[in-house]
Amino acid sequence: MTEAGQQTAAQKETPSKVQTYTAKAYAAQSASSGLAPFTLQRRSPRPQDVEIEILYCGVCHSDLHQVRNEWKEVMPTTYPCVPGHEIVGRVVKAGSAVKKFKEGDIAAVGCMVDSCRVCANCRAGEEQYCDNFLTLTYNGQDKILGGVTYGGYSQSIVVDEAYVLRVSNKLDPAGTAPLLCAGITTFSPLRHWKVGKGQKVGIVGLGGLGHMAVKFAHAFGAHVVLFTTSPNKTADALRLGADEVVVSKNEAEMRKHANSFNFILDAVSAQHDLNAYLQLLKLDGTMTLVGAPEKPAPIAAFNLIMKRRSLAGSAIGGIRETQEMLDFCAEHGITADIEMIRIQQVNEAYERLLKGDVKYRFVIDNASL
Ligand code: NAP
Ligand code: ZN
Ligand code: ZN
């Protein structure tokens, strides 16, 4: 049977036939409840599944948007919601058909745990743009158990090996967790728009995504300019690989860079003025949004018309590219700069994220669950 055929058979499995086990987790019960202890059901591994004991899970700003139902127009939240899609752990069971993993291996799971596998985008290895049934790691539709998928703020997860990544033993597992979302979400557009030597590249916002974007753009050989609203992040930005730092509230400093960028990656989580950045692009330059604020942003057409500029967006990355990114990080010694927290501190970490007070990714030690 083809891989796609197996998937169809899996989809037909009735929820009542599936064996499950329980795992401890943290969940939000509503948009305003915060996160608290919760017990969830995981399926027992099928032949193609691996069961992963989660060691670390990064805290992405998307977790906060989703928990608080800030994307209700596009992706309304189903409660209880167990977020977490930057997962690194140890394989504790590998099904009989699993080829890539054995018990004891370090493995990782990102933002998706399945997709249709047959549409043009899935076939092209761009599963994140699946036209049919992309299954997000949390707040997705669980095709096997029914109901909603639960993410990495939990003790374990069971995933088809086709959506599980290998992690080199050269990489520190805790610093690797954020690569599964913050890493791939910035690596993918920098690669797609061919950022490299001889180019001037802007990164907007020094948070989880932004700090990975600075590291990658620097590693790819570009001249990197970091835009920040936090002057106290300047020294860090230079240490992480920025060649210049611009405090974006300073209009005179912004004007100095007018019409000069080949590419700008915007990784800001809240409403801000996109026009100010479009004006910094040179002829045929592109600005790509990865940040996903709650509210839409107005665009002045003339900022695109003048100098034939493009405004684009980009979502995470496919499985093949995520593996490439992890292998690139192992080769170049790249991981995230993290602050480790216990799960009991997660609500406080969300409040700090809202203030831009993160250096530069919170990672949960899942042993604290
Ligand atoms: P984060 O760690 O909270 O970083 C966001 C940064 O944005 C802050 O550190 C701050 O940087 C800047 N910022 C915050 N509020 C701002 C404001 N009002 N005006 C200007 N700048 C502000 O968040 P993250 O986890 O990196 O995520 C960033 C965004 O990307 C979120 O919206 C998230 O949902 C989205 N995301 C998208 C994808 C995708 O596939 N496209 C994947 C993951 C995440 P400074 O202090 O340097 O100004
Ligand atoms: Zn994320
Ligand atoms: Zn598909």
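Using only Cα atoms, find the angle between the long axis of helix 208-219 and the longest principal axis of the chain, and express it within 0 to 90 degrees, rounded to the nearest 10. Computed tilt is about 70 degrees.
Based on Cα atoms of the stretch 182-313, Rg over Rh with Rh as the Kirkwood radius reads 0.92. Taking each residue as 0.36 nm, the span from ARG308 to ARG123 lengthens on full extension beyond its C-alpha to C-alpha distance by 63.4 nm.
The label point for MET340 and the one for LYS197, both projected 7 Å from the Cα toward the Cβ, are 3.9 nm apart.
A DSSP coil position with no more than 15 other Cβ atoms inside 10 Å describes the following trypsin sites (Lys or Arg not before Pro) in the stretch 18-120: LYS72, LYS99, LYS100, LYS102. Surface composition of the chain: carbon and sulfur atoms hold 51% of the protein heavy-atom accessible area at a 1.4 Å probe. Distance from the Cα centroid of the stretch 273-313 to that of the stretch 164-195 is 26 Å (rounded to whole angstrom). Taking 0.36 nm per residue of separation and subtracting the Cα-Cα distance, full extension of the segment from GLU73 to GLU348 would add 96.4 nm. Think of a 1.4 Å ball rolled over the protein heavy atoms: the chain then has 43 Å² of accessible area per residue.
Helix-only arithmetic for the chain: the sum of -39500 (n - 2.57) across DSSP H runs with n ≥ 4, divided by the residue total, places the mean residue ellipticity at 222 nm at -6500 deg cm²/dmol. In loop segments of the stretch 237-300 as defined by DSSP, the trypsin sites (Lys or Arg not before Pro) with at most 16 further C-beta atoms inside 10 Å of their C-beta are LYS249, LYS256.
The values are calculated or read from the model by the stated rules, or taken from the named source; none is laboratory data. Predicted, not measured: the structure shown is a model, and the values here were computed from it. No Cβ is skipped: glycine too gets one built from the backbone with ideal geometry, and neighbour counts run over all protein chains shown. For the accessible areas, the whole protein counts, side chains as well, though only heavy atoms, and no ligand, DNA or RNA atoms are used. Shrake-Rupley method; radii C 1.70, N 1.55, O 1.52, S 1.80 Å.
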